[in-house]
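The values are calculated or read from the model by the stated rules, or taken from the named source; none is laboratory data. Bear in mind that the values here come from a model prediction, so they are computed numbers and not experimental data. Cβ sites come from the backbone with ideal geometry, for glycine too, and all protein chains shown count toward neighbours. Calculation scope for accessible area: heavy atoms of the full protein, side chains included, ligands and nucleic acids excluded. Shrake-Rupley method; radii C 1.70, N 1.55, O 1.52, S 1.80 Å.
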Amino acid sequence: MTPARTLPTDHPAVPGQSAAAEQAEQAAALHVTICRDPEEFAGLAPQWARLYGGCAAATPFQSHAWLHSWWQSYGPPGRLRLVLVRRGGELVGAAPLLRRHRPYPVLVPLGGAITDYTDVLVDDAADAADAGGAVTAALAAGMRQAARGAVVDLREVRPGAAAERLYAHWAGPKRRLADSVCLELPGLPMDGLIAQVGSSRGQRIRAALRKLDATGIEERDIPAAEVPAAVANLLRLHLLQWQGRGMNPEHERPRFAAHLTRAAQRMVAAGEAVITEFTLDGEVVAANLAVLSPELAGGYLYGVHPRLRAAKVDVATLLMRHDVRHAAGAGRATLSLLRGAEPHKFHWRPEPHPNQRLLLAPRPATPLLLTHHALARTRSTAAASPRLRAYLHRFRNLRTPRPTT
């Protein structure tokens, strides 16, 4: 077990200060540590849950269940870097990071490419109690220590995230880039959403809803004890749905299935996710995993049997009705369609909310940050240009040594 490193952030005692005053000051002091031990990370679940509940900007992807499960499936050994801020033993701030070394040192958030939103966690009440946001400032100081010459690359930061406050507090070089676009709808009932799309499209949606009712499809939310079987069924339907078409290859790998099963079981038990199965004539023909926070609901992954499409069932409307139930029906302000600008999402006239990519570094790593920023901007441009993308692919192939025989 690797012990957490404690950073020197406490205030020195004031000469002549009474013992009671000194104890009160020590209780109010912020202590920053860097955790590298996966076992300690596992044991943080209760404290993490309290912190998560005190950070209004947090999404379900910042829950301990999601992040720790991701680490178990994807975390490289020895690379964990959790920056933790405590006051009087209570966790009031956390930055869940890991360190990468190639081609140069970078700190990136836990969650990787399968996570739609990344962020740090800051207890809003504790941060507001101190002028200038002392918790956020302490978290930034801890991240500079954890970086030690590396660039901090926070991808997929949602507008309004706690990481934006961290960016404002950062004393050192920093850059901001656009990242993936997420689409969002207000947490309105179905009638309210239909009213926003116009009369012609609204009539088609109402007709699709009537047809759904006529098919006799039934919905059932899965209890936590049944989640492992439900996730296996969801992934089976997801593979059937994408058979013969381009699917995210990660979704068929065992590590993804293991992560989703672990995370979903804990998240369903905590009210941070719901898995719903849709049955027709006793057969499960669709399944959907939605992630939930107090302010947000979003459909993360679904699977549909080809039988439904053959029957010309409007699957998009079926899933939207389900997600609306968990957004408006539970008083959540936002229904997130998460990443991706697929055409069917625009039928509902969602608002685009581009995620951000926040690059931060200690001052000695300024040249590295500028290099990283330039490369990230070039890759972003290449993603929008097929010709440049093909050129970079050929360039990478030239640099890759051929295997010897």
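Just give me the residues in the range 341-371 being open to solvent by less than 60 Å² (accessible area, probe 1.4 Å) and either free of Cβ contacts under 8 Å to residues at least 24 places away in the same chain or touching a Pro at 6+ places or on another chain (Cβ under 9 Å) (or both), in sequence order. Spell out how you get there, then give the answer.
At the first step, the residues of the range 341-371 found to be open to solvent by less than 60 Å² (accessible area, probe 1.4 Å) are 345, 348, 350, 355-362, 365-366, 368-369.
Asn355, Gln356, Leu359, Leu360, Ala361, Pro362, Ala365, Thr366, Leu368, Leu369, listed by residue number.
Pairing residues of the range 258-272 that are over 8 Å from Val227 (Cβ atoms) and among the small types (Gly, Ala, Ser) with residues that are open to solvent by less than 40 Å² (accessible area, probe 1.4 Å) and in a helix (DSSP H, G or I), at Cβ distances under 7 Å and at least 6 apart in sequence or on separate chains, gives Ala258/Ser73; Ala263/Ala65; Ala263/Trp66; Ala263/Ser69; Ala269/Ala224; Ala270/Ala65. If the condition is being crowded, with 21+ Cβ neighbours inside 10 Å and within 18 Å of Val85 (Cβ to Cβ), then the range 49-62 contributes Leu51, Tyr52, Cys55, Ala57, Ala58, Gln62.
Hey, does the range 227-244 have a residue that's assigned to a loop (DSSP other than H, G, I, E, B) and either charged (D, E, K, R) or open to solvent by 60 Å² or more (accessible area, probe 1.4 Å) (or both)? Yes, because at least one residue in the range 227-244 is assigned to a loop (DSSP other than H, G, I, E, B) and either charged (D, E, K, R) or open to solvent by 60 Å² or more (accessible area, probe 1.4 Å) (or both).
Taking each residue of the range 38-63 that is more than 12 Å from Asp119 (Cβ to Cβ) and of a type in the set (S, T, N, Q) and looking for partners that are at pLDDT 95 or above and open to solvent by less than 50 Å² (accessible area, probe 1.4 Å) with beta-carbon atoms closer than 8 Å, six or more apart or interchain, yields Gln47/Leu91.
Selection of the range 121-178 for residues being in contact with a His (Cβ under 6 Å, 6 or more places away or on another chain), open to solvent by 50 Å² or more (accessible area, probe 1.4 Å) and in a strand (DSSP E or B) yields only Arg175.
Would you tally the residues in the range 106-128 being in contact (Cβ under 8 Å) with a residue 60 or more places away in the chain and not small (Gly, Ala, Ser)? Before the answer, list the steps.
Taking the range 106-128 first, the residues in contact (Cβ under 8 Å) with a residue 60 or more places away in the chain are 106, 113-114, 116-117, 119, 121-126.
Going one step further and asking which of them are not small (Gly, Ala, Ser), we end up with 106, 114, 116-117, 119, 121-124.
Qualifying residue count, the range 106-128: 9.
Once the range 207-226 is narrowed to residues that are exposed (fewer than 14 other Cβ atoms within 10 Å of the Cβ) and free of Cβ contacts under 8 Å to residues at least 40 places away in the same chain, the residue that is nearest to the chain's Cα centre (by Cα) is Ala225.
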